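One structure is given here, and the rest of the page talks about it.
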Amino acid sequence: MRSAPLTPVASSAARSLRQPRAVGWIALVLLALTVLPAVLPSYQVSVVTQVLIFSVLAMSIDILAGFAGRTSLGHGAIFGVSSYVAIYWTSTLGGDIWIGIALGILAATALAGVFAALAIRTSGVYFLLLTLALGMIVWGVCLRWTAVTGGENGLRGVGRPAFIADHASFYYAVLIIVAPLTWLMWRLVHSPFGLTLRGIRDSESRMRSLGYNVPLHLFVAFVLSGFLAGVAGGLYVLFNNFVSPSSVQLSQSVSALLMAITGGVGTLLGSFVGAAAIIVLENAVSAYTARWPSVLGIAFVLIMIFAPEGVVGRARLLFARRRSRYSKPDHPGG
Amino acid sequence: MDRRRFLKTTGLTLAAGAGVLSAPFLARAQAAPIRIGLMAPQTGVVAAGGREIIDGFSLFWESAGNQAGGRKVEIIVEDDASNPDTALQKARRLVEQAKVDMLFGNLLANTGLAVANYVKGNGTPYFIPVIAADDLTQRARIKNVIRAGGYSASQFSRPVADWALRQGYRRVAMISQDYTFGHEQCGGFAQTFTEGGGKVVGQFWHPLNTSDFSPYLGQLAGVKADVVFAMQTGADATRLIQQYASFGLKDQIPLLGSQNATDQSVIRTMGAECEGIVTSAHFAEGADLPATQAFVKTYSDKFSKIPSLYAFSHYVGAMWVAKAINAINGKVEDRDVFLDTVLKTDLPDSPLGKPVRFDDYGNPVYDVVIRKTMKNKDGKFWNVPIGGYPQVSQFWKYDPATYMKQPPYSRDFQGIKKT
């Protein structure tokens, strides 16, 4: 995997948020998300819920890939461990679901800490392979430790609490968690901490000679990202009520990474576009043909050729180009 | 016409009009097609088996004119991608968007368990002709999940264990894929075999998709077993049988297997190396019964291959449920009546050639046949009955309540009797 498509185009993003127009757009999107359950049939609402949950996972990968320049293939495992712990707590031990989810997120964060301690001193393809290997270990454990994980058959949950049992109210519950979390992450990547991460991505040695503690910054970023993946895993438990090794396997990590890439690495909000594109495409295409994985594959190839910056990244580039073209005569300074 | 009368007559006319207008809708609702969601893996590791699920299932419905209980039957096929998360997603879509009246299918146990857990919450009838996970019709029974045409994993390995004891075998070595389906089949065998005075001299668990069995075969040869029991599915079964023969073990230690080890999906492409393996099942494609041979001929003519377990059990499952739908004149919307009727329906005329019925837990009771792989007149290998055990339930000779007190079979618990 080359690192070129992972180059972010977010330089103007922080500025554009401060513009009233951007705020208007965000308000519009939030409004649309709020009225969605009123206009969509219940199955589609569940698909949108799934999109939101996977957006969080894709976002967690984007924080590392887009802002710290570290592409992880182990996030599926972190995500899945959170689900496993939550379901094990509720089904096998008979505990409370909220405590279960909290424990799941805690476990995911701790696991991310372990991954980080082992992987942050590497970069590029070595980081990719190391996280891949760590993820495979988790998958192997989930598959073989039958007494705890149920092996191949996985674990079944006890269902959602009654007040979020139907699709619409669960959707709102997820939205209420995901929206502020997204805002927090947005603040984070545009904070001095986020800028430091970007500095590390662009030149690790320069940041080191400037006196920044590079490993510590990367460690914190990885742990935060793991926390986010853990939240996604916890929400997924409520959504799916089931976990099996397929939730921690490599393809889970890859599909979340593809969501981040499709939306645009380093754009953060692109994760939502990417997750929506992939999940909706999967649902729509598989209704018509059994060859839907091929269709998805071709779509990815086309995106990589024509919009390696991802959908959001591409759109931003186009907007930026148009704006500079129109504004040049008036403001020669740009 | 005074005001009151005007209101009254207008109201009546309108009401009558509404009644006339709505009548066709009611009639149409009655005659609306019965929608069945069939989930089969069309992509992923078991896609070949998924194809046969669709073939077997649609073969029955074509022969029934796509009708049951006076209503048309509409089948919506979805790909579960051999993945439990996808299976769940598709189940949700079939139930919530396509509004199916019932679900059928799935091949891998994990996909079936995921879907079963989902329908537990909403009561949609779900029929599982292939999913064999013991507990779905035992300790964790779900009322609306019925194994029409299917069997529970440990149900068929017990008769073959009993048969082995009768042949005088006393020391068995077992080699199996290391996952729940394998643990359960081996558990059934090991428990019956040791309770009957036999001894398990070794159990070897190998990961799914093992390409080289030589380390295991070497150990198998060393434990001085009278007989070997093999439990593999798909390509693993093909490889084990081939390597068992090429290591020369075939002539030294007789090989017994679970029903899937010599299923047509495995031995279809094989030669003499698969000859003489003894297994047990509810169905033997080489059985000399008119109903069985008629089915095998129809299927072979249409798809140019002998039907496998996947095709066969979905054909029988569809037949079973169709008979129940006929009995209630197509009123599948009343789920309680529908499920009760399915459970009460006996199937005397299926390709099994022998009558079958359900036990109290939604699992069929079969006349189990002991089968041996032999060459048929076309030079192909198939399973031919050499013995039988009438009326074998998933609980064998145990009392259901007592039986379910023991833990489910796993790697750690194989029901082996301590001596």
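Annotations for the structure displayed:
- Per-residue extension of 0.36 nm, minus the Cα-Cα distance of B:SER300 and B:LYS417, leaves a gain of 37.7 nm for this segment.
- Residue mean of other protein chain beta carbons inside 10 Å, B:107-115: 4
- Principal axis box of region B:250-336, alpha-carbon based, largest edge first, Å: 57, 29, 21
- Secondary structure note: in chain B, about 35% of the DSSP beta bridges are antiparallel.
- Karplus (6.51, -1.76, 1.60) ³J(HN,Hα), θ = phi - 60°, over region B:404-419, in Hz, Gly and Pro reported as x: 6, 6, 7, x, x, 5, 8, 4, 8, 10, 10, x, 6, 6, 6, 10
- Value of Rg/Rh across chain B [Cα atoms, Kirkwood radius]: 1.08
- Cβ-Cβ FRET estimate between B:VAL337 and A:ASP96, R0 fixed at 41 Å, reported to 0.05: 0.60
- Computed over chain A: relative contact order in percent, which uses C-alpha pairs under 8 Å that are six or more apart: 31
- Residues whose amide H falls under 5 Å from that of B:VAL356, counting only those 5 or more places apart or on a different chain, are B:LEU347, with hydrogens built in the peptide plane.
- Here is the P(r) of the protein assembly as shown: all C-alpha pair distances, binned every 20 Å from 0, give 16, 42, 30, 11, 1, 0 in whole percents.
- Estimated FRET transfer efficiency when R0 is 30 angstrom, pair B:GLU62-A:LEU181 (beta carbons, to 0.05): 0.05
- Centroid-to-centroid separation of region A:45-108 and region B:218-277 [C-alpha atoms, Å]: 43
- Amide H to amide H distances under 5 Å link A:THR71 with A:GLY124, where only residues 5 or more positions off or on other chains count and H is placed in the peptide plane.
- Peptides B:346-358, A:63-75 ordered by average Cβ neighbours within 10 Å, highest first: A:63-75, B:346-358
- Scattering curve values for region A:133-233, log₁₀ I(q)/I(0), Debye with Cα scatterers, q = 0.16, 0.23 Å⁻¹: -0.93, -1.14
- For the residues B:ILE54, B:ILE386, B:ILE146, a GNM of chain B with alpha-carbon springs under 10 Å puts the largest fluctuation on B:ILE386.
- 3J(HN,Hα) along region B:84-93, derived from phi through the Karplus expression 6.51 cos²θ - 1.76 cosθ + 1.60 where θ = phi - 60°, amounts to x, 5, 5, 4, 4, 4, 5, 4, 4, 5 Hz, with x in place of Gly and Pro.
- Out-of-range pairs (alpha-carbon distance over 30 Å; input B:LYS72/B:LYS344; B:LYS199/B:LYS250; B:LYS297/B:LYS323; B:LYS72/B:LYS377; B:LYS199/B:LYS405; B:LYS323/B:LYS405): B:LYS72/B:LYS377; B:LYS323/B:LYS405
- In sequence order, region B:369-378 has phi-based couplings of 9, 8, 10, 10, 6, 9, 7, 8, 5, 8 Hz under the Karplus curve 6.51 cos²θ - 1.76 cosθ + 1.60, θ = phi - 60°, and Gly or Pro positions carry x.
- Global geometry of region A:216-286, whether rounded, prolate or oblate, following the gyration tensor of its Cα atoms and the 1.5 cut on a/c: oblate
- Projected label points at B:GLN391 and A:ILE305, each 7 Å from Cα along the beta carbon direction, are separated by 6.8 nanometres.
- Cα-derived Rg to Rh of region B:285-343, Kirkwood definition: 1.13
- Near B:LYS199: Cβ cut-off under 14 Å, other residues only, Lys/Arg at +1 and Asp/Glu at -1. The net charge is +3.
- Taken along the Cα-to-beta-carbon direction at a fixed 7 Å, the label points for B:LYS377 and A:VAL141 span 6.1 nm.
- Counting DSSP beta bridges with both ends in the protein assembly as shown, the antiparallel % (nearest 5): 40
- Amide H contacts of B:LYS72 (H built 1.01 Å from N, under 5 Å, at least 5 apart or other chain): B:ILE34
- Gyration tensor verdict on region B:331-419 (Cα atoms; rounded if a/c is under 1.5, prolate if a/b is larger than b/c, oblate otherwise): oblate
- Helix content alone sets the calculated 222 nm mean residue ellipticity of the protein assembly as shown: runs of n ≥ 4 DSSP H residues at -39500 (n - 2.57) each, divided across all residues, give -17500 deg cm²/dmol.
- Pairwise FRET efficiency - A:VAL254 versus A:VAL23, Cβ, R0 = 45 Å, nearest 0.05: 0.80
Taken together, the values in this text are just the output of simple stated rules run on the coordinates, not laboratory data. The structure displayed is predicted, hence computed values, not measured ones. Positions of Cβ are generated from backbone atoms using ideal geometry, with glycine treated the same way; all protein chains shown enter the neighbour counts.
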